[in-house]
Amino acid sequence: MLAFESSCDETSVAVVKDGRVLSNAVSSQVRLHSEYGGVVPELAAREHLKNLLPMARLALANAAVTVGQLNAIAATRGPGLPSALMAGLKAAQAAAYVLRKPFLGIHHHEAHLYSPWIEGNPPAADFRAFEPNVSLIVSGGHTILIHVGAELKHRLLGSTLDDAAGECFDKTGKMLGLPYPAGPHIDRLAEQGNPRAFDLPRPMLDDANDDFSFSGLKTSVRYLLRDNPELREDTARIRDLCASIQAAIVEVLVTKTVRAARRLGVGLLTASGGVTCNRALRRELGAACERKGLRLRLAQPEFCTDNAAMIGILAERKLMAGVREQGEADIEPGWALG
Ligand code: KG4
Ligand code: ZN
């Protein structure tokens with residue numbers, strides 16, 4: 001399976017065989033967009049066009065697979081930036097057409113659900129161990145909680161009503177003068193800060209639903225900095241503020257995810273998406289699962305951020321389950337998860 005991912009700012013092509021990731025080539029555009037403080041869609045699309053073929057060549061070379069050995073092609077159909085999606089999807093469909101192989105259009109978030117199952121070296125997805133789970137997808141664009149009742153069967157539980165958790169990291173970090181994306185910088189600074197130094201809100205923590213909201217937290221930080229401008233000059237206080245912001249985001253994510261799992265009687269939590277690289281989130285999810293007797297599967301950092309390996313892993317499962325698609329399937333930028 002040759003898989004393509006181009007929904008946002010990573011151009012990725014992977015080769016997957018029988019649940020094993022033979023290669024996962026990723027070209028990140030983070031540096032390019034950091035100058036603008038966020039992803040610029042038009043630039044993203046152009047970068048995808050430039051990088052798709054080199055990434056495809058690299059993925060095939062790293063996997064030691066020739067074009068003639070491919071059995072199927074997959075690509076992300078949505079959700080994502082329209083012009084970015086189009087670049088990867090059309091390249092993949094052209095390849096499928098020329099090679100006369102089946103094409104599968106994959107839902108980006110559905111693929112994230114299976115990235116925590118990719119482990120080991122060489123990486124492989126261990127579906128023999130599969131069990132129903134509650135899955136948290138938490139990135140710069142999304143914060144979603146999903147009940148995965150069985151393989152290829154899932155139900156959306158809740159999502160953010162405004163900003164995504166990663167966006168909250170990035171925007172509060174920007175207020176502190178940190179480079180984009182600020183999440184990893186906050187993670188680093190927070191390690192030496194006091195998470196109880198600032199009393200920040202935990203939005204929707206006690207609401208009886210599985211939705212999230214992070215814009216209020218962002219506004220609180222804005223007012224805090226407006227009313228205490230001297231804070232910006234104090235390195236120790238900045239570290240404390242980073243730790244406090246991180247603690248607020250992590251507490252909401254962990255509490256609501258664990259609560260959903262317990263309510264549904266599910267014994268396993270999984271998590272993926274860029275914010276799952278956050279060390280405090282990984283630690284706190286681990287501690288909460290231990291306290292509540294739940295098992296935890298976190299995507300490996302390499303597969304937390306956007307990658308084509310997860311697209312290929314899911315596409316292969318779908319193909320094995322008999323899913324077939326018309327080769328001309330279009331992009332679905334606003335594709336909602338069922
Ligand atoms: O999955 P991802 O690469 O794709 C997008 O949604 O773009 O996620 C990127 C997000 C950014 O918001 C970034 O700040 C955040 O993940 N992120 C982190 C960490 N590493 C990446 N947030 C907090 N701590 C981290 N260590
Ligand atoms: Zn993603």
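The values are calculated or read from the model by the stated rules, or taken from the named source; none is laboratory data. Everything numeric in this text was worked out from a predicted model, so none of it was measured. Cβ sites come from the backbone with ideal geometry, for glycine too, and all protein chains shown count toward neighbours.
A few comments on the model shown:
- In the stretch 78-95 there is no residue matching the filter, namely being more than 24 Å from L161 (Cα to Cα), more than 16 Å from ligand 2 (Cβ to nearest atom) and in a loop (DSSP other than H, G, I, E, B).
- Test result for G140, modelled with pLDDT under 95 and within 16 Å of ligand 2 (Cβ to nearest atom): yes
- Output for the stretch 218-255, where each listed residue is of a type in the set (V, I, T), farther than 28 Å from K292 by Cα and touching a helix residue (DSSP H, G or I) at 6+ places or on another chain (Cβ under 6 Å): V221
- Verdict on L294 being assigned by TED's automatic domain parsing to the domain that holds V250, buried (at least 17 other Cβ atoms within 10 Å of the Cβ) and more than 10 Å from ligand 1 (Cβ to nearest atom): yes
- Among (1) in a loop (DSSP other than H, G, I, E, B); (2) within 16 Å of the chain's Cα centre (by Cα), the one test that V266 misses: (2)
Quick grid of which residues meet (1) more than 8 Å from ligand 1 (Cβ to nearest atom); (2) in contact with an Asp or Glu (Cβ under 6 Å, 6 or more places away or on another chain):
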{"position": "G158", "(1), (2)": "yes, yes"}
{"position": "D163", "(1), (2)": "yes, no"}
{"position": "E167", "(1), (2)": "no, no"}
{"position": "T172", "(1), (2)": "yes, no"}
{"position": "L176", "(1), (2)": "yes, no"}
{"position": "P184", "(1), (2)": "no, no"}
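- Single match in S12, S23, S27 (criterion: outside any helix (DSSP H, G or I), without any contact (Cβ under 8 Å) to a residue 40 or more places away in the chain and surrounded by 15 or more Cβ atoms within 10 Å (Cβ to Cβ)): S27
- Sole residue being in the same structural domain as C8 (by TED's automatic domain parsing) and either of a type outside the set (F, W, Y) or within 23 Å of L217 (Cβ to Cβ) (or both), chosen from I137, I118, I146: I118
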